[in-house]
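The values are calculated or read from the model by the stated rules, or taken from the named source; none is laboratory data. Nothing here was measured: the structure is a model prediction, and the numbers come from that model. To get the accessible areas, we keep the full protein, side chains included, count just its heavy atoms, and leave off ligands, DNA and RNA. Shrake-Rupley method; radii C 1.70, N 1.55, O 1.52, S 1.80 Å.
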Amino acid sequence: VAWSMGLALPSVATPAAAKLVSAKRRELGFVNLHTDEVLRVVYWAAGRYQLDGLESIDRVLRDHRTGETFPIDVDLLDLLAALRGELGTREPFHVISGYRSLATNHMLAAQSDGVAWSSLHVEGKAIDIRVPGRRLRDVRRAALELAAGGVGYYPVDQFVHVDVGRVRLW
């Protein structure tokens, strides 16, 4: 991730980011359902990613089991910002799972067929979410329309997985 090296360069590498090119500010909100932390932060302003905002996001999306943080991929953040736009909402994302340490991911994968051994969560490139006031199927539809990565639909567990890996759905 470029910003982790101290750089704050604009990116339009994904279709989701391309929808944000004219935005002067990009803001996201999160509610971590495991820690009850709430964050609303500007992560992009004046043509640059904002390091303080990115670090705050890394903290709230940390592995809640180990406390380990990891740089969340800015393409994922841009995807989430574009998703908010597609859904026409300013509500914070309710986070089921953000970053996962390798140890946490292996533990979860050993317990469930629904967790990939090589999950993009361990790279800071995936998140499992709900959006208050929006039906789960509408979140899924909007994510699919952005065509910016993987979209997993888990109606029984009440979340949608989005990532910035290759485009696929399940």
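So, for the chain, what is the accessible surface per residue at a probe of 1.4 Å, expressed in square angstrom?
49 Å²
Taking only Cα atoms and a 10 Å spring cutoff, compute GNM fluctuations for the chain and point out the largest among VAL131, VAL160, VAL115.
VAL115
How would TRP44, TRP117 rank on accessible area, largest to smallest, probe 1.4 Å?
TRP117, TRP44
Rounded to the nearest 500, what is the chain's calculated 222 nm mean residue ellipticity when only DSSP H runs of at least 4 contribute -39500 (n - 2.57) each, over all residues?
-8500 deg cm²/dmol
Need one value: the accessible area of GLU86 in square angstrom, 1.4 angstrom probe, rounded to the nearest 10.
Approximately 60 Å² for this residue.
Running a GNM on the chain with Cα contacts under 10 Å, which residue among ASP157, ASP52, ASP138 ends up with the highest mean-square fluctuation?
ASP157
Ignoring ligands, DNA and RNA, please state the percent of accessible area on the chain from carbon and sulfur, probe 1.4 Å.
On the way: 4360 of 8260 Å².
For the chain, the apolar C and S fraction of the accessible surface comes to 53 percent.
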